[in-house]
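Written below as structure tokens is the structure these notes are about.
Rule-based calculations on the coordinates, nothing more; no lab input. Bear in mind that the values here come from a model prediction, so they are computed numbers and not experimental data. As a convention, Cβ positions derive from the backbone with ideal geometry for all residues, glycine included, and neighbour counts pool all protein chains shown.
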Amino acid sequence: MTQETATITIYTQKDCSYSDAAMSEMDDEGKTYTKIDIDEVEGAKEALLKLSNGEPITPVMLIGEEVVIGYHGLG
């Protein structure tokens, strides 16, 4: 599976401009993704911390099997 066809999950929280930028870029590129708000979904914060090795940062994106912490452009 390539990054172009990989399943994308983005862990975010309210008022995270980096998450908003990542989702906007994916929307512009026509990519589909699942958004998980760590403040609203039970167990999501724990899942984010596991993926990010304990870093309480958003966004954390799971692109296929690759974990991407933070947002610096998907390019």
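Some points to look at:
- Qualifying GluC sites (Glu not before Pro) in the range 31-75, where qualification requires a DSSP coil assignment and no more than 15 other C-beta atoms within 10 Å, comprise Glu40, Glu42, Glu65.
- Fraction of C-alpha pairs exceeding 16 angstrom in the chain: 43 percent, rounded to a whole number.
- Helix axis angle, 17-28 relative to the chain longest principal axis, alpha carbon, degrees: 30
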